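The numbers here are math on the coordinates, done by the rules we state, and not lab data. Quick caveat, the model's predicted, so the values are computed rather than measured. Heads up, the Cβs are rebuilt from the backbone with ideal geometry, glycines too, and the neighbour counts pull from every protein chain shown.
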Amino acid sequence: MSFVEYSEKVQDGDVVIVYMGHESMMQLKVQAGGQTQTRYGAIRHSSDLIGLRYGSKVTCSKGGWVRVLHPTPELWTVSLPHRTQILYTTDIATITMMLELKPGAVVCESALRTLPDAQEPKLLRIP
């Protein structure tokens, strides 16, 4: 998975963001034959996700629906259960790899706090 490379359709092995509402998102690794439970019902990976275009609606088994989104650094952060945490060396290495950073790359990170409970981290990668 890479935040930089983009494909139009969900493939086996992809990590996707399941959007269930503004404050309700989750990360999901798509696996052929897999199934994931949500509050709207089950999502079957093989029949509901694989081959689907990113951004599409998926109807769950209970009749509710979710959207399947391509992961971005912003969506990844928002979908985490804890949005702030200590970054350890292994975390930093993973982030560096997923952003495809190279020696000499410029990265700007900031957190804007406009409302008491709203924090919106931004990462900017300059090629």
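Give the residue, chosen from 66, 58, 4, that is closer than 25 Å to residue 97 by Cα and either of a type outside the set (Lys, Arg) or surrounded by fewer than 15 Cβ atoms within 10 Å (Cβ to Cβ) (or both).
Values: 66 fails: closer than 25 Å to residue 97 by Cα; 58 fails: closer than 25 Å to residue 97 by Cα.
After ruling out the rest, the residue left standing is 4.
Name the pairs: first residue in segment 54-65 and touching a residue at least 24 places away in the same chain (Cβ under 8 Å) and on the phi < 0 side of the Ramachandran plot, second residue surrounded by 15 or more Cβ atoms within 10 Å (Cβ to Cβ) and among the aromatic types (Phe, Trp, Tyr), Cβ to Cβ under 6 Å, at least 6 apart or on different chains?
64/40
Here is a list: 92, 50. Which entry is free of Cβ contacts under 8 Å to residues at least 12 places away in the same chain and either surrounded by fewer than 14 Cβ atoms within 10 Å (Cβ to Cβ) or more than 16 Å from residue 4 (Cβ to Cβ) (or both)? Let's see the steps before the verdict.
Numbers: 50 fails: free of Cβ contacts under 8 Å to residues at least 12 places away in the same chain.
Only one candidate passes the filter, namely 92.
So which residues in segment 21-47 are touching a residue at least 40 places away in the same chain (Cβ under 8 Å) and surrounded by fewer than 17 Cβ atoms within 10 Å (Cβ to Cβ)?
Of the residues in segment 21-47, the ones touching a residue at least 40 places away in the same chain (Cβ under 8 Å) are 25-27.
Selection gives 26, 27.
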